[in-house]
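Encoded as structure tokens, the structure appears first; notes follow it.
Every read-out reported here was derived from the displayed coordinates using simple, explicitly stated rules and does not represent laboratory data. Fair warning: this is a prediction, and the values are worked out from it, not measured in the lab. For neighbour counting, all protein chains shown are included, and Cβ atoms are generated from backbone atoms with ideal geometry for every residue, glycine included.
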Amino acid sequence: MAFTFTTADCQTAASNLTSSASNFGSLIETMGELINSVSNNYQSDASQTIAESFRKVKEVGPQFQEAVNNCAKYLVETVAPAYEKLEATAKSKIEG
């Protein structure tokens, strides 16, 4: 089985990661609003526990988004150029 990888694939993966990180942030905000609404309208130990647990998850959300965005940046700034250099070197050795 042949493995293929292109710079365009790297760019696509980075774009998908960036989009997913953004979607994650939006989803966390929406979930927070829903959980707060339930917690405000249904006062119970369970709703308070869920709200508090979610707040803890929400606190690390930005760190998760940053990690995913850093991965995308790494793909674009490091992996793609290294791959291009590798391909150019391999091509020059073959054609050499």
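Extending 7 Å from the Cα toward the beta-carbon at both Ala90 and Phe5 defines two label points whose distance is 0.9 nm. Every helix of 4 or more DSSP H residues in the chain counts as -39500 (n - 2.57), and over all residues that averages to -30000 deg cm²/dmol at 222 nm. Net charge around Lys91, counting only other residues with Cβ within less than 12 Å of its Cβ (Lys, Arg = +1; Asp, Glu = -1)? Charge balance in the 12 Å sphere: -1. Only alpha carbons enter this Debye calculation for the chain, each as an equal point scatterer, and the log10 of I(q)/I(0) it gives at q = 0.14 Å⁻¹ is -0.67. Total lysine pairs in the chain at Cα distances under 29 Å, for residues eight or more apart or on different chains: 5.
When only alpha carbons are used to place a centre, region 68-96 and region 16-43 end up 37 Å from one another.
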